[in-house]
Amino acid sequence: MTEGRLWSWLAVALGGLYFLLPLVGMFDFSMRMQRDGYSFEAYRVVLADPQFQQTFGYSVVLALLTIVLGIAIIVPTAYFVRLRFPGLRPVVEFLTLLPLVIPPIVIVFGYIRIYNTSSVLPLTGSWWGTNLLILFGYATLSLPYMYRSVDTGLRTIDVGSLTEAAQSLGSGWTRILAVVILPNVFVSVLSGAFLTFAIVIGEYVFAALLNVGSFGPYMVWMGGNRAYEPSALAVVAFAITWACMALIQLVTRFSKFSTVRR
Amino acid sequence: MTTSVASLPAAFRPRQVLSWFGVAPFLVFATLFLILPTLNIVLGAFRNAEGQMTLENLGKLLAPSIRSAFWISIELSLLTAVLGCLFGFLIAAAITLGGLPRPLRDAILTFSGVASNFAGVPLAFAFIATLGRLGFVTMLLRHWFGINLYGAGFNIVSFLGLALTYLYFQIPLMVLIITPALEGLRREWREAAESLGANGFQYWRLVALPVLWPSLLGTLALLFANSFGAVATAIALTGSSLSIAPIVLFAQIRGDVLNDPHLGYAIAFAMILLTAIANAIYILLRMRAERWVK
């Protein structure tokens, strides 16, 4: 067995080399803007760039709105499918998996063909329309993660009893959803939300093809025009991805202690 | 939780109509922003500019430039899927069966979660900073070992460079999917095989691999689709110098090149077809694989 362990260490070491070198490389490169040694100059330049502030702020707001919209669509759906329409489950599961099957570039191509200026619903023609369209697009991309995390959350609670209890106390549907169901699945919703945030914040294809000034196209523009700043941006993006995943781990660990085992 | 409908008092059932309002927004949303756009593309692939049915658009896919773009895409996706499966399997086997310390296993799984989501533009930047002309590893090799990567014909803006970059999200995805399957291999199976006189190689060939192969092949298909649909990484890395199918489609949509929307439809349709087949294989094999996990 010791020989097997040796091979295991070797595999992990080689893997570690492959996965850590690009991180080291990107960090190293981001610090070389000044010729006389390491500095955070590239970060300073990037953070002070009004374009960065604008595009990054825009993407953060867009990501948060995507999460809110995703929750508003998915939580009632997952709840009613579990409670009233178990037969609809395969349909909903299939639909929420589709965004993983159809490449995003094809989905956005469809948007451009359907919602262009000469169509019935000319969303791409106005500022508001374009922003709505990209919001809906990102909410579509988030469906697989949102649905699965919310459904996992619903599985751990007794939806039927909670609903009956709330109804016997005189609650209506919106009240049940907002005051009873949502707080109970909140931790699972959060893990879907963080994943959505990580995906939306640096998304490029939707933003570029819908001509939206978000963080993804800004990064690509920087990549084509600057030397050191792109690495600084990559470090920032990596930190955000890392933070989102860490938060997911944190909330799931938290939920393991807080939910009653059955 | 199969009790839901039956356990509710009958008085609630007429209100079934009301609960449709809970599901309706989702169905409308999915129709407007998922089904209709996709349907539009699929139907458009079979229509000409006058709206008549035709196979002409699909015929245009056979033009040498488009055909070679698809071919490069397929090669790239196959190569990164196979290598991703292989290296991902080795790492997953090392952390599950290799007797490594438990914290290391947890750390690698967490990192895999991050790396499999660290795709797109920043990933391309990381690889340019590492293996670009002035990249960290390029310089390291030149100054310490006297190896000139670019002198030897390597370029990060190439098929090989792109494959190397894609593996950064392919391998972790394989690790994440295959680790539970490897953990599902029961100790008793190995003990039973050994008590019947099997050596390690025979155990793997006759017991473990037959149990694992649906998972392995399924994940291979998933990785293929995963890399086939990736656009942002390729654009940020190569600009548009490497003609792969998604980049050709991107240029078509932007109107950079000959701007024939119906050729765009056909390319998009072919992409859906390929990723749909790959995903269908994944789902079917996954269902098969779950027979062993109880």
Low-density loop trypsin sites (Lys or Arg not before Pro), the range B:164-254, at most 12 other Cβ within 10 Å, DSSP non-H/G/I/E/B, are B:Arg186
Which residue, B:Asn57, A:Pro183, B:Leu141, has the largest displacement toward the positive end of the dipole of the protein assembly as shown when charges sit on each Cβ (Lys, Arg +1; Asp, Glu -1)? A:Pro183
Which FRET efficiency, nearest 0.05, do A:Asp49 and B:Trp213 yield, Cβ-Cβ r, R0 56 Å? 0.60
Using a 7 Å offset from the Cα along the Cα-to-Cβ direction at both B:Ser158 and A:Leu162, what is the distance between the two label points in nm, to one decimal? 5.6
Here FRET efficiency (C-beta to C-beta, B:Leu273 to A:Asn116, R₀ 22 Å, nearest 0.05) is 0.35
For a Förster distance of 41 Å, can you work out the FRET efficiency between the beta-carbons of A:Ala227 and B:Leu109, rounded to the nearest 0.05? 0.70
Work out the length of the dipole vector of the protein assembly as shown about its Cα centre, built from +1 on the beta-carbon of each Lys and Arg and -1 on the beta-carbon of each Asp and Glu, and round it to the nearest 20 debye. 1080
Can you give me the distance in nm between label points at B:Leu62 and B:Leu140, each placed 7 Å from the Cα along the Cα-to-Cβ direction? 5.0
Give me the distance in nm between label points sitting 7 Å out from Cα along the Cα-to-Cβ direction at B:Phe201 and A:Phe94, one decimal. 4.7
Report Rg (one decimal) and Dmax (nearest whole number) for the protein assembly as shown, counting Cα atoms only, units Å. 24.9, 82
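Only the coordinates and a few stated rules stand behind these numbers; no lab work does. Small disclaimer: the values here were computed from a predicted structure and weren't measured. Here Cβ is always computed from backbone atoms with ideal geometry, including for glycine, and neighbour counts include all displayed protein chains.
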